[in-house]
Every structure is written in C-alpha cells, then in structure tokens.
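Contents: one structure, followed by commentary.
Read-outs: derived from the displayed coordinates by stated rules, not from any lab. Note that the coordinates shown come from a computational prediction; the quantities given were computed from them, not determined experimentally. Here the Cβ positions follow ideal geometry from the backbone for every residue, glycine too, while neighbour counts run over all protein chains shown.
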C-alpha cells in the first residue's frame with residue numbers, strides 16, 4: 001500500500017483543489033473559505049465566498065480568480081480589491097445548482113451541474129456542462145451526464161474530460177475552436193470506481209478521487225488502472241503540484257450528515273510517477 005503523508009488537518013470537506021503559484025488552493029466546504037496551503041502545511045484564508053455548497057475555483061489566463069457559486073447559479077470573478085462580481089449568470093440554463101469548474105488555456109470556462117437537487121434528496125436526473133466564453137456569452141455544450149464532478153482539459157486544449165460519478169466513468173469530449181463540445185464518449189470505464197475530483201498528468205493519465213471506495217486511482221485512457229492510493233476516509237478530490245499528488249479526504253456520512261461531527265477533512269500527499277499537466 002502506498003504511504004501517504006498528512007499535510008493539513010482540520011478541514012470540513014476540502015474540494016476543488018488547484019495548484020497555483022507554488023501552493024495548493026482549495027475550497028473548504030462548510031466554512032465558505034478558499035484556502036491556500038504551502039508545502040510546509042501552513043494555510044491562509046484567501047477568500048470568503050457568500051454561499052453554502054458547492055463552490056469551486058479556477059483562474060482565467062490573465063490571473064483573475066473565478067468562483068462557481070453553485071446554489072446561486074452564478075460564476076463570480078474576484079476583482080483587484082478582493083470583491084466578487086458576477087462574471088456570468090447561469091440561472092437561465094438550469095433550475096438546479098452548478099458544481100465544478102475548469103478554465104482552458106484560451107479562457108473558456110466550463111461549468112457543470114446536476115439535473116436534480118442532491119442535497120434535498122431529489123430523484124437523480126442527467127445534468128449538463130455549460131460554457132462561458134471570454135466575451136461573456138453563456139451556452140450549454142453537453143448534456144446527458146448523470147452526475148458531473150471533476151473536469152480537466154488536456155494541455156493542447158483539444159479534449160475536456162468529465163468525471164461522471166453515477167455512470168462510473170470518465171467522459172471525453174472534443175473541444176471545437178469556438179469552445180463547443182463534440183464526440184462525447186467514454187474516455188475510461190472505471191468498473192466499480194466512483195470518480196469525484198480529477199487531474200491530468202504529463203503522461204496523459206488521469207488521477208480520480210473516489211469517496212465510497214476511499215481511494216485515489218490513476219488510470220490511462222480506456223480505463224487501465226496504473227496505480228491506487230488507498231486511505232482511511234473518502235477521497236473527494238486530488239491535484240498534482242509538480243510530482244506530488246495532493247488528496248483531499250474526509251469522512252462521508254451522506255449529504256444530510258455532511259457536516260455532522262468534528263472536522264475530519266485532510267490534505268494528504270504522496271509522490272506520483274509523473275507531474276501535473278493540462279488544466280486546471
């Protein structure tokens with residue numbers, strides 16, 4: 001079993017990790033905080049987001065931070081003074097909240113959302129991926145995703161990969177020059193794997209975090225399992241910083257009891273065979 005090291009304790013539920021300027025940034029669900037954690041485990045509150053959950057983060061190519069305010073169905077942008085303004089209004093696309101975010105190298109922001117209210121115990125229904133282009137236009141670009149979670153874009157901006165937790169697969173889409181998506185397909189069948197957050201590495205493999213199976217798994221296109229890191233609690237997301245894999249893990253007792261009990265969220269690290277690549 002691959003040994004992990006604990007970088008940080010005391011999170012509620014860490015999600016949406018991003019490697020940025022030498023630190024791991026993450027959304028600490030249940031606290032409204034975006035944190036940055038340095039390689040020594042020192043954390044700093046970088047932003048407070050006026051929402052509940054979910055909320056996720058990524059950066060535009062010009063360095064401005066975007067935040068998905070999920071329940072409000074808004075994509076926010078942080079201004080130089082630290083304030084948050086509406087970058088895109090997604091309320092016309094769905095009556096349900098939005099979840100994850102990835103920005104490609106051309107500034108296209110992809111945001112996904114479910115077709116039902118998970119936290120309220122709604123009956124599952126397929127969701128969507130929306131595109132916000134640099135000129136501010138908003139449109140749906142993919143549907144039929146049972147429950148979209150983490151997303152990643154290949155370094156050449158040619159492929160979007162979406163973790164579909166309920167389908168137990170990674171879905172791939174070709175990215176057109178206008179940011180639209182085509183040729184939706186199974187990029188990797190994960191068997192009994194339940195993918196949440198994902199990240200890409202320089203060898204073209206994907207790491208996916210798995211809550212019910214308490215593991216992070218590295219897979220190649222097609223689904224071949226290349227490496228598994230087993231831990232003692234649910235893995236919600238993962239991100240490579242160089243060749244160090246950062247795992248966001250926490251106890252999971254279902255949506256209704258997500259924040260019951262003392263904080264159990266951690267950032268764990270383990271050395272990986274290849275450095276991170278692509279977006280985020």
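Details
- Model label sites at residue 123 and residue 185, defined 7 Å from Cα along the beta-carbon direction, differ in position by 3.4 nm.
- Whole-Å distance, taken between Cα centres, linking the range 86-131 and the range 183-202: 18
- Highest average packing first - 223-233, 140-150, Cβ atoms within 10 Å: 140-150, 223-233
- In terms of its alpha-carbon gyration tensor, the range 31-190 comes out rounded; the largest-to-smallest axis ratio a/c stays below the 1.5 threshold.
- Among (1) 58, 42, 38; (2) 46, 42, 39; (3) 55, 39, 35, the entry that matches Cα extents along the principal axes in Å as calculated here: (2)
- Sorting 254-265, 110-121, 87-98 by average packing, meaning the other beta carbons within 10 Å per residue, from highest down gives 110-121, 87-98, 254-265.
- Computed E for residue 64/residue 233 - FRET, C-beta separation, R0 25 angstrom, nearest 0.05: 0.15
- When the Cα gyration tensor is reduced to axis lengths a ≥ b ≥ c, the ratio a/c is 1.5 or higher for the range 204-280, and with a/b above b/c it is classed as prolate.
- Protection-proxy order for peptides 243-250, 36-43, 11-18, each taking the mean of Cβ atoms within 10 Å per residue, highest first: 11-18, 243-250, 36-43
- Gyration tensor (alpha-carbon) shape descriptor, the range 1-87, a/c threshold 1.5: prolate
- The range 205-280-the range 3-52 distance, computed between alpha-carbon centres (Å): 14
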